[in-house]
Amino acid sequence: MCVEPIPPPAPSLTRRGVLATAAALAGTAAVLASADRATAAPRHGEGAADTGDLVVEGGTLLDPATGEVTEDAVVVVRDGVVRAAGPRSRVRIPDGLPRLDAHGHWVLPGLIDAHIHLSTTAEARSAVRAGATSARSGSTSYYQDVAVRELARRAPELAPRLRAAGVFVSPDLGDTVLADPDLTPLARLRDGVRSPEALRRVVAVNLRRGADVIKTRVNERAGLPEQDPLTQVYSHAQLSEVVAAARKGGRGVLCHSYSEKGCHDAVTAGIASLEHGVFVGERTLREMNRRGTYFTPTLTAIAGLAQSSDPVLAERGRTYLPVLERAVLAAHELGVPLAAGTDSSGGTVDPIGREIVLMRGAGLPALDAIRTATTGAARLLGLTGTAGRLTPGHAGDMVLVAGDPLADVSVLTAPARIVRAGIPV
């Protein structure tokens, strides 16, 4: 309940103001320097990026969509886009293009991290170097992800192609009320961001600041020992309010969830993807399959809890991981679409290949585990036709690994080479 009526949000913010604020907070000088030119850039895609021309030759090419394996393959990238790919005998190699020798390596499309928190340029670079050439933000505190997205357009070798989530729609925003002047009235709410008006306000500010998706929660956090991840913080009605506001702006919602009831409420409220979802049950998984709701289990993050020095978190991780592994396998068997996400944050970026390894460990066949970070994640992010494959028209994003990922997916945890938009990283 409000202490006093909240004035409506300001009608507009300049694009330069949005980028300048986010850039300063993210330490992204390159974005600020190009902010004046950004008004002409398209909303999605690479736009004015300085992309590359490259021929990658001699490797073994894997197409995750079909499972087809092509030996002595050639991939031709012009202006950051794949123009041709296939066996050397069928691909004409243009003269004068830089070449990358891939002999002895497998070549796959750049991987996709569908749940990651990128707040600095260093984190963005680390994500690319770990193989994530595309990603979806799991939210940031001050719209740093919006600036990282713009950085990726201007200098793709420095950041993954990003779907930004803006700030978390959460009962307690804390200092995030300072992320935008139109959030500051929420600091006076006795019960936090819970009323329909307050929920709609956070979504509206996110949309105006350029968020591609909206992030909310239904349960408390697993990574804080003082919180109980099974405690529900938003009702079905509140989640529905968030989803409706996001849909009005043409956006989907990803929802931080743990308990079965919380998962079910989130799914039936109409979210696009369920994040974490440790205790999701068969009833909810069947509903997800019916609706096409994605499951992003973030196994890497849950496994990481077990390594914590905090005994509460360590026990939580040891208990939750096998439960989540069973949920992942059940989801796969029921036909629920899965997406790989590391939930990396706080300066440490886990390789997205680690999530593929854990998907495989949960029981998915190797090719299906790889699809969770390629074709499957691309569909979730709205990047089908751009990411997830190396066929003509797709982005020239690649990972080269020193082994057969169909025999051992762990080779994806340490790529030998990365190519982003035709630029070797």
- Do we find a residue being among the small types (G, A, S), on the phi > 0 side of the Ramachandran plot and buried (at least 20 other Cβ atoms within 10 Å of the Cβ) anywhere in the range 283-302? no
| query | Is there a residue being crowded, with 23+ Cβ neighbours inside 10 Å, under 30 Å from L400 (Cβ atoms) and in the same structural domain as L305 (by TED's automatic domain parsing) anywhere in the range 202-212? | reply | yes
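Let me confirm something: among G422, G382, G341, G396, which residue is at pLDDT 95 or above, of a type outside the set (S, T, N, Q) and over 20 Å from the mean Cα position of the chain (by Cα)? Even if it seems obvious, please write down each step before you answer.
Values: G382 fails: over 20 Å from the mean Cα position of the chain (by Cα); G341 fails: over 20 Å from the mean Cα position of the chain (by Cα); G396 fails: over 20 Å from the mean Cα position of the chain (by Cα).
Of G422, G382, G341, G396, the one residue that is at pLDDT 95 or above, of a type outside the set (S, T, N, Q) and over 20 Å from the mean Cα position of the chain (by Cα) is G422.
Return the residue satisfying two criteria in turn: it lies in the range 131-142 and is surrounded by 24 or more Cβ atoms within 10 Å (Cβ to Cβ) and of a type in the set (G, A, S), and of such residues it is farthest from V419 (Cα to Cα). It would help to see each step written out before you state the result.
Kept after step one, since they are surrounded by 24 or more Cβ atoms within 10 Å (Cβ to Cβ), are these residues of the range 131-142: 131-140.
Restricting the remaining residues to those that are of a type in the set (G, A, S) gives 131-132, 134-135, 137-139.
Values: G131: 9, A132: 10, S134: 12, A135: 15, S137: 21, G138: 24, S139: 26 Å.
The qualifying residue farthest from V419 (Cα to Cα) is S139.
Rundown of residues vs (1) assigned by TED's automatic domain parsing to the domain that holds V253; (2) small (G, A, S); (3) in contact with a Leu (Cβ under 6 Å, 6 or more places away or on another chain); (4) modelled with pLDDT of 95 or more, yes/no style:
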residue: E123; (1), (2), (3), (4): yes, no, no, yes
residue: A132; (1), (2), (3), (4): yes, yes, yes, yes
residue: A135; (1), (2), (3), (4): yes, yes, yes, yes
residue: S139; (1), (2), (3), (4): yes, yes, no, yes
residue: Q144; (1), (2), (3), (4): yes, no, yes, yes
residue: A165; (1), (2), (3), (4): yes, yes, no, yes
residue: V169; (1), (2), (3), (4): yes, no, no, yes
Of the candidates G388, G393, the one satisfying the condition of being at positive phi, in contact (Cβ under 8 Å) with a residue 24 or more places away in the chain and buried (at least 23 other Cβ atoms within 10 Å of the Cβ) is G388
Exception for T372 within (1) within 15 Å of H115 (Cα to Cα); (2) in contact (Cβ under 8 Å) with a residue 40 or more places away in the chain falls at (2)
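Does the range 298-320 include one or more residues that are of a type outside the set (A, V, I, L, M), closer than 14 Å to R217 by Cβ and out of contact with any Lys or Arg (no Cβ under 7 Å at 6 or more places or on another chain)?
Keep residues of the range 298-320 that are of a type outside the set (A, V, I, L, M), which gives 298, 300, 304, 307-311, 315-320.
Filter again for closer than 14 Å to R217 by Cβ, leaving 298.
Cutting the leftovers down to out of contact with any Lys or Arg (no Cβ under 7 Å at 6 or more places or on another chain) gives us 298.
There is at least one residue in the range 298-320 that is of a type outside the set (A, V, I, L, M), closer than 14 Å to R217 by Cβ and out of contact with any Lys or Arg (no Cβ under 7 Å at 6 or more places or on another chain).
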Looking only at the range 90-109, decide whether some residue is of a type outside the set (A, V, I, L, M, F, W, C), surrounded by 24 or more Cβ atoms within 10 Å (Cβ to Cβ) and within 24 Å of D63 (Cβ to Cβ).
yes
Of the residues in the range 50-64, those that are assigned to a loop (DSSP other than H, G, I, E, B) and β-branched (V, I, T) number 1
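If you take the residues in the range 350-372 that are small (G, A, S) and closer than 19 Å to G59 by Cβ, which one is surrounded by the fewest Cβ atoms within 10 Å (Cβ to Cβ)? Please lay out each step first, then the result.
We begin by selecting, within the range 350-372, every residue small (G, A, S); these are 353, 361-363, 366, 369.
Imposing the further condition that a residue be closer than 19 Å to G59 by Cβ reduces the set to 353, 366.
Numbers: G353: 27, A366: 17.
So, considering only residues that are small (G, A, S) and closer than 19 Å to G59 by Cβ, the one surrounded by the fewest Cβ atoms within 10 Å (Cβ to Cβ) is A366.
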A careful count of residues in the range 394-417 that are touching a Lys or Arg at 6+ places or on another chain (Cβ under 7 Å) and more than 17 Å from L162 (Cα to Cα) gives 3
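Being in contact (Cβ under 8 Å) with a residue 60 or more places away in the chain, more than 22 Å from G277 (Cβ to Cβ) and either aromatic (F, W, Y) or assigned to a loop (DSSP other than H, G, I, E, B) (or both) narrows it down to one residue among L412, L367, L406, L400; which is it? Walk me through it before giving the result.
On the way: L412 fails: either aromatic (F, W, Y) or assigned to a loop (DSSP other than H, G, I, E, B) (or both); L367 fails: either aromatic (F, W, Y) or assigned to a loop (DSSP other than H, G, I, E, B) (or both); L400 fails: either aromatic (F, W, Y) or assigned to a loop (DSSP other than H, G, I, E, B) (or both).
Step by step, each of L412, L367, L406, L400 is checked, and only L406 is in contact (Cβ under 8 Å) with a residue 60 or more places away in the chain, more than 22 Å from G277 (Cβ to Cβ) and either aromatic (F, W, Y) or assigned to a loop (DSSP other than H, G, I, E, B) (or both).
Inside the range 214-254, can you point out the residues that are assigned to a loop (DSSP other than H, G, I, E, B) and either surrounded by 23 or more Cβ atoms within 10 Å (Cβ to Cβ) or touching a Phe, Trp or Tyr at 6+ places or on another chain (Cβ under 7 Å) (or both)?
Kept after step one, since they are assigned to a loop (DSSP other than H, G, I, E, B), are these residues of the range 214-254: 218, 220-231, 233-235, 249-252.
V218, A222, P229, L230, Y234 - these are the residues of the range 214-254 that are assigned to a loop (DSSP other than H, G, I, E, B) and either surrounded by 23 or more Cβ atoms within 10 Å (Cβ to Cβ) or touching a Phe, Trp or Tyr at 6+ places or on another chain (Cβ under 7 Å) (or both).
Identify all residues within the range 183-197 that are farther than 16 Å from S141 by Cβ and touching a Pro at 6+ places or on another chain (Cβ under 7 Å); write none if there are none. Talk me through it step by step, then tell me what you get.
So the first thing to find is which residues in the range 183-197 are farther than 16 Å from S141 by Cβ, and the list is 185, 188-192, 194-197.
Hits for the range 183-197 are P185, G192, R194.
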Scanning the range 311-349 residue by residue, the ones that are surrounded by fewer than 23 Cβ atoms within 10 Å (Cβ to Cβ) and assigned to a loop (DSSP other than H, G, I, E, B) total 4
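Check R149, R154 and return the single one that is more than 16 Å from the chain's Cα centre (by Cα), surrounded by 21 or more Cβ atoms within 10 Å (Cβ to Cβ) and within 29 Å of T51 (Cα to Cα). It would help to see each step written out before you state the result.
On the way: R149 fails: more than 16 Å from the chain's Cα centre (by Cα).
Only one candidate passes the filter, namely R154.
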Note: among L183, L189, just one is free of Cβ contacts under 8 Å to residues at least 24 places away in the same chain and either surrounded by 15 or more Cβ atoms within 10 Å (Cβ to Cβ) or under 22 Å from the mean Cα position of the chain (by Cα) (or both), namely L183
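The values are calculated or read from the model by the stated rules, or taken from the named source; none is laboratory data. Worth saying up front: this structure is predicted, and the values here are computed from it rather than measured. As a convention, Cβ positions derive from the backbone with ideal geometry for all residues, glycine included, and neighbour counts pool all protein chains shown.
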